[in-house]
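Engineer: Can you read through this structure? Questions will come right after.
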Amino acid sequence: MREFMHYVTNAFYGATGWSDDNTYKELNATARELIDFPLPAGLRIALSSLSTPHFATSYQLGSVGVVDGSISYLYSSVPLANVTSPSDRIPLSTLLRSYRQLHGFGHGTAPASAPAVLGLLPAHTSVKGDTSKPAAADADKITTPAHCLSKDGGSLLYGRLYLPQSLLEGLVVKRLTPALQVQLSAVSAQSLRNGGTLLGLVQYDQGNYGVEGLASTDGGLLGVRGLYNFGGDAASASTNTIASTLSHHPGGSLLATSSGGGESSSVSNGTTSTSQSSGGEKERIYGRFSAGAELYYGTLNKSGGISLGARFATLPSYRGTPLTATLTINPLMGNINATYAVLAKDYCSLATRMEFNVYSYESDWAVGMELWSNRRPAGFLLGAVAEEQPGTGTAAAPAGRPRAKERSFQAKLEWRRDDDDAEPQTAAPRAPEAGAGQQKKEKYLGVLKARLDQNLRIGLLWEGRIKSLIFSLGSGIDLHRLDEPFRNLGLEVQYSS
């Protein structure tokens, strides 16, 4: 379960228009969250509050053999007035969902005075100044890239003190330009070498590509990593950039011809036109390809490393089944990592990961699952019929819409849905938006997360909400030790206001 401070930090990135889609470190984020989700240990209680749009606090108290806790403070120079902070109204899918959908390029419409929080607003909430449609009606247009929002930048200060370990960690984020951001994080503890460590990170995001540079006092580490996007909306984003450049030159025009397929496009006075012959090919690109690399070197221990990675992910405009596939290679260590994640239904996500070492021939695999439910835990486990939603008179389908007909065999092969002309008619009864917002807020009551690896170790986690409390109950099971299969059992409870 994501902590409240992590939730608010993501709100700051969303309010300033920053997205991690263009960072190499988040290349495997979807599969990692579906498979490597943390299990709670012992009992832990967290009390948090967003007291003002600029200031947030959080207090944690836990017991795992010994009593420990932490105190956290966060300050944001950008007001986070549009963030839902009460725990009884935070959308569970925003706080708990693991599958991460990529955002589009160049669709920012939210002004700086009314920032759109990336995925942090309820599905029925509209951005100030644009009340024509719900926020969920067009996810691309509410997602704003780094170079389209406030040019004044923003700052974030975060500090956390762990007790009784007396460990202190801090984070400073500063937005220098619309495309440039600097992060400085530090950890202070007696157990660390030299009493602590300091990490600096410079991030440059230009829409279709992003570059990061890092430096750490731990081993004198220096590194650089980058990610480049192509195909799908990345190609159109590049075309729009060229068009906007030509519009500043009097009489500027461009004529480009592709020798491979006879594709031609012309740009004149900031407008583009593409021939009909190439339209069909571009419609076949339903996702975005990303390729990146990471290079780092330790100046003190005289050792370095390199990794290469690629990703294909579908875009929100894709009408078929959303999926994400990644491949990362570490040439020096000989490690190959491949992941595949799919959002089979709105309430079901699946992921698998395969690792292989070409030098030792060792392999590892793991699978993960996320299943959302609109039932209480007892009803979910017993397979009870979902209760009727108040005011509707009908049983709520898990996906929140009428049961769809079975897809044709050809549609399954092409990973798409059948075109159903009757679909707009089935959505017509949902016209009253006033009551629909309340239903969407309680669309799901909890989520079950599970994983299994080659060592027959199982991780089970149930997360949901009871009244104003968000809870996380999980356990680790080792099938190789049937005499003591349960390795750990934990419960976390969060309350925020």
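Engineer: How far is it, in nm, from the label point at ASP68 to the one at SER155 when both lie 7 Å from their Cα along the line to the Cβ?
Structural biologist: Spacing of the two 7 Å Cα→Cβ label points: 3.2 nm.
Engineer: Moving to a separate point now. Sort VAL224, VAL342 by heavy-atom solvent-accessible area, probe 1.4 angstrom, most to least.
Structural biologist: In descending accessible area the options line up as VAL224, VAL342.
Engineer: With a 1.4 Å probe and every protein chain left in place, tell me how much accessible area GLU355 has, in Å² to the nearest 10.
Structural biologist: Approximately 70 Å² for this residue.
Engineer: What do you reckon, how do ILE466, ILE336 stack up by accessible area (1.4 Å probe), largest on top?
Structural biologist: Sorted descending by solvent-accessible area, the residues read ILE466, ILE336.
The values are calculated or read from the model by the stated rules, or taken from the named source; none is laboratory data. Remember, predicted model here, so these are calculated numbers, not experimental data. All Cβ positions, even for glycine, are placed from backbone atoms using ideal geometry, and neighbour counts span all protein chains on display. Just the protein is used for accessible areas: all its heavy atoms, side chains included, with ligands, DNA and RNA removed. Shrake-Rupley method; radii C 1.70, N 1.55, O 1.52, S 1.80 Å.
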